[in-house]
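The values are calculated or read from the model by the stated rules, or taken from the named source; none is laboratory data. If you're wondering where the values come from, they're calculated on a predicted model, not measured in any experiment. FYI the Cβ positions are ideal-geometry reconstructions off the backbone, even for glycines, and counts take in every protein chain you see. These accessible areas exclude ligands, DNA and RNA; they are computed on the full protein's heavy atoms, side chains included. Shrake-Rupley method; radii C 1.70, N 1.55, O 1.52, S 1.80 Å.
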Amino acid sequence: MNARITHISRFCSIGLCFILFMTTGSVIASDSSNTMLDTELDAIVNDPAYPLASLSVLAVRQGKIVYHQQFGNRFIDPLNAANNKPANNATLYRIASISKLVTTLGVMKLVEDGKLKLDQDVSDYLGYQLRHPDFPKVPITLRMLLSHRSSLRDDAGYYWEAKLGVDLKEVLVPGGKLYGTGAMWTKNIKPGSYFEYANFPWGVIGTIMERVSGERFDRLMQRLIFEPMQLHGGFNPADFPAADIADIATLYRKRTEVDGKEIWNTSGPWVAQVDDYSREAPQPRALSDYVIGTNGTLFGPQGSCRLSAEGLAQIMFMLMNHGRHGGKQILAKKTVALMLSEQWRHNRQSGTKSNGDTYKGEFQSWGLGTQIFRDIQELDKATGIPRGDRLVEGGGVTGFGHFGDAWGLTSAIVFNPKTRDGMIFLSGGPGFNPETVKSQYSSMFRYEERILTALDRYAIKNKR
C-alpha cells in the first residue's frame with residue numbers, strides 16, 4: 001500500500017490548474033484556460049450520437065504540463081443523475097494495455113539488479129522448459145516476450161485471475177492439464193522471427209518476476225516503481241487507501257448482452273463494465289495458499305494497472321529525463337535507452353513475406369514493452385479505410401508510448417524525448433459502438449483521433 005502523496009497540491013477549475021510535481025520540485029502552471037480545447041473535448045465527450053462516459057487528458061509541451069482537464073463522470077448512477085461523480089485530476093483509471101509499459105519498468109529494474117537477463121532462456125527462471133513445440137531447440141527470452149516476438153499468443157486464454165490453483169506450467173508444458181491443443185503458440189512461427197501483439201506473454205513475464213524476486217507481482221511493482229516514484233495506484237485496488245478507491249473511475253458502455261450478442265443502445269443507460277466500487281470497496285483476495293511464481297496473471301501485468309493521467313505524466317517525465325524522477329534515479333540512463341531502442345520494425349511486406357502482424361496497421365515498430373510511433377499512414381486495399389500508426393491529423397508526430405483498450409476504456413500515452421512533448425488520454429467508455437464510425441487517418445477509433453488531434457493542435461502547437 002502506498003501512502004497518500006502529500007507533495008501534490010491541487011487547485012483546478014475551468015480557468016487554472018496548478019500541480020506540484022516531484023519531477024521538477026516546483027509548481028508548474030497548467031494553462032487550462034484553453035477555451036478552444038475545452039470546447040472541442042467537451043463536444044467529443046457529450047456528442048449526442050457518440051458520447052463518452054468520462055475523459056481525462058494531459059498535454060506536455062517542451063517538458064512542461066500545459067493542459068490537464070477532465071470531462072464527464074467517474075461514476076454514473078443510472079437512476080439518479082444527482083449521484084453522479086465527476087472525473088477529477090486524481091481519478092484513477094484501469095489503463096488497460098498501458099499496464100504493459102508500466103510492468104516493463106519493473107522488469108528493467110530487475111535487469112539492473114542482476115536478477116534477470118534479457119537474452120537468457122526464460123526456462124532457467126521458470127524452473128521448467130518453455131519451448132514452442134515446432135521449434136524445441138529455440139530458447140525463448142525476455143527480449144522476445146517484451147517485444148511480442150515470442151510466438152506466444154492469446155488463443156488459449158491469457159489470464160487466470162480468479163483461479164488461485166492454476167500453475168502456468170500446466171498451461172505451457174505439453175501434457176499439462178490446461179495445455180489443450182497448444183493454441184497458445186502461433187504455428188510454424190519461429191520465436192524471435194515474427195511480431196504478434198499478445199497479452200499472454202505478460203502473464204509469463206509476471207510469473208518470471210515473481211520467481212526471481214520471491215514477491216507477489218502486485219507488491220513487487222509497488223516496491224520497485226510505485227513507492228519510489230510516489231505514484232497513486234497499482235495492480236491491486238484492495239490495497240489502495242480509501243481516498244484513492246473513491247477516485248477510481250468505473251468503466252462503462254451503453255450496451256447489454258442478449259442471447260450472447262452485444263446490443264448497443266446509445267439512448268439507453270450507461271452499463272458498468274468494471275471497477276464499480278460505489279457500493280462496496282474492492283475486497284482483499286484469499287491468497288494465503290497462493291504459491292508465488294506459479295501464476296503471474298493473477299494481478300494482470302498485461303492490463304490491470306490503475307493510474308491517473310497525472311501518474312502517467314510522472315512516468316512520462318521519468319522516461320524523458322533518462323530515468324530520473326524527484327531527485328532519484330529510478331532507472332539508469334542506459335536502461336531507458338535500451339527500453340526505447342527498436343527491437344522490431346515492420347518490413348512493409350504482406351502475406352508470407354511479412355515479418356509481423358501490424359493489427360490493421362496500428363503497429364509499425366516496437367521497443368521493449370513500448371510502441372514506437374513512426375507516423376505511417378496507408379489505405380486498406382480491400383476497404384479503402386485509412387490505417388496506420390499516425391497519431392494526429394496531418395501527421396508529423398512521432399515518439400514512444402502505448403495504447404490501451406479494454407472494458408470500454410481506451411487510452412494512450414505518447415511522448416517524444418527530443419521535443420519533450422507528450423499527450424495522455426484516458427476515456428471511461430463509449431455510449432456507442434466505435435467500430436461503426438469510420439476513422440479518418442489511422443487505425444484508431446475516430447473519437448481517439450479527435451482527442452489526440454485536438455491536444456496536439458491546441459495544447460502542443462498552441463493554435464488559437
Quickly run through the range 430-449 and pick out the residues that are part of a loop (DSSP other than H, G, I, E, B) and of a type outside the set (Lys, Arg). Gly431, Phe432, Asn433, Val437, Ser439, Gln440, Tyr441, Ser442, Ser443, Met444, Phe445
So in the range 338-389, with the set limited to residues that are among the small types (Gly, Ala, Ser) and modelled with pLDDT of 95 or more, which one is surrounded by the fewest Cβ atoms within 10 Å (Cβ to Cβ)? Ser341
Exclusive hit being touching a helix residue (DSSP H, G or I) at 6+ places or on another chain (Cβ under 7 Å), surrounded by 22 or more Cβ atoms within 10 Å (Cβ to Cβ) and not basic (Lys, Arg), set Gly234, Gly192: Gly234
Looking at Ala81, Ala53, Ala43, which is the one that is small (Gly, Ala, Ser), over 28 Å from Phe240 (Cβ atoms) and modelled with pLDDT of 95 or more? Ala43
Would you confirm, using the coordinates I've provided, whether Gln283 is open to solvent by less than 30 Å² (accessible area, probe 1.4 Å) and either under 25 Å from Trp407 (Cα atoms) or assigned to a loop (DSSP other than H, G, I, E, B) (or both)? no
Odd one out for Tyr458, checked against (1) open to solvent by 10 Å² or more (accessible area, probe 1.4 Å); (2) among the aromatic types (Phe, Trp, Tyr); (3) under 23 Å from Arg74 (Cα atoms): (3)
For the subset of the range 322-337 comprising residues that are of a type in the set (D, E, K, R) and within 25 Å of Glu310 (Cβ to Cβ), which member is most open to solvent (accessible area, probe 1.4 Å)? Lys333
One residue from Ser288, Ser267 being open to solvent by 70 Å² or more (accessible area, probe 1.4 Å) and over 26 Å from Phe425 (Cα atoms): Ser288
Glu112 fails exactly one of (1) of a type in the set (D, E, K, R); (2) buried (at least 22 other Cβ atoms within 10 Å of the Cβ); (3) over 23 Å from Asn236 (Cα atoms), namely (2)
So which of Ala272, Ala243 ends up being within 17 Å of Gly408 (Cβ to Cβ), surrounded by fewer than 22 Cβ atoms within 10 Å (Cβ to Cβ) and small (Gly, Ala, Ser)? Ala272
Mind listing whichever residues of the range 139-172 are within 28 Å of Thr370 (Cα to Cα) and among the β-branched types (Val, Ile, Thr)? Ile140, Thr141, Val171
Unmet criterion (only one of (1) modelled with pLDDT of 95 or more; (2) assigned to a loop (DSSP other than H, G, I, E, B)) for Gly165: (1)
So which residues in the range 392-406 are buried (at least 20 other Cβ atoms within 10 Å of the Cβ) and touching a residue at least 40 places away in the same chain (Cβ under 8 Å), if there are any at all? Val392, Val397, Phe400, Gly401, His402, Phe403, Gly404, Ala406
Quick check on the range 75-101: of everything there that is touching a strand residue (DSSP E or B) at 6+ places or on another chain (Cβ under 7 Å), not in a loop (DSSP other than H, G, I, E, B) and not hydroxyl-bearing (Ser, Thr, Tyr), which residue is nearest to Gly404 (Cα to Cα)? Ile98
